[in-house]
1. Looking at the stretch 12-28 only, could you name the residues that are small (Gly, Ala, Ser), modelled with pLDDT of 90 or more and either touching a His at 6+ places or on another chain (Cβ under 7 Å) or over 24 Å from residue 67 (Cβ atoms) (or both)?
2. Taking the residues in the stretch 29-42 that are among the small types (Gly, Ala, Ser) and closer than 22 Å to residue 69 by Cβ as candidates, determine which candidate is surrounded by the most Cβ atoms within 10 Å (Cβ to Cβ).
3. Any idea which residue in the stretch 36-53 is nearest to residue 18 (Cα to Cα), counting only those that are assigned to a helix (DSSP H, G or I) and acidic (Asp, Glu)?
4. Can you pull out the residues in the stretch 54-79 that are over 13 Å from residue 13 (Cβ atoms) and surrounded by 13 or more Cβ atoms within 10 Å (Cβ to Cβ)?
5. Residues in the stretch 13-28 that are surrounded by 16 or more Cβ atoms within 10 Å (Cβ to Cβ) and assigned to a helix (DSSP H, G or I): how many?
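The values are calculated or read from the model by the stated rules, or taken from the named source; none is laboratory data. The shown structure was predicted, so the numbers you read here are calculated from the model rather than taken from an experiment. We place every Cβ from the backbone using ideal geometry, glycine too, and count neighbours over all the protein chains shown.
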Amino acid sequence: ALGIALLGSIVTGVYRGFATPAGTPGPVADAAHESLGGAVEAASELPARTGAELVAAAQRAFVDGLHTASSVGALVLVATAVAAWFLLRGQRLEGGAATAHP
């Protein structure tokens, strides 16, 4: 659960850092930075072109956040696998193969 929370925080951090298009009023920009849904809703209060630019910027930021979180997760996975391999490579199971008990 902690790993999921950390990855979610990375997505949120990257998303909230996106730049809103020029001409976006402060309250609309604040709503857009809260969530992708907020950006889509806030875009309806803007002229069509500015609203479309805001939604496109928010979507790019969301996807960038997902890519960043996925990359971090993959690096942690690889680092954990390498650490496990180094730490366990000389270990042998004692008593033969493990057996399952109902």
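1. Passing the criteria: none in range.
2. 32
3. Going through the stretch 36-53, the residues assigned to a helix (DSSP H, G or I) turn out to be 36-43, 48-53.
Still in the list and also acidic (Asp, Glu): 41, 53.
On the way: 41: 17, 53: 12 Å.
Per the criteria, the residue is 53.
4. 54, 55, 56, 57, 58, 59, 63, 70, 73, 76
5. Counting residues in the stretch 13-28 that are surrounded by 16 or more Cβ atoms within 10 Å (Cβ to Cβ) and assigned to a helix (DSSP H, G or I) gives 3.
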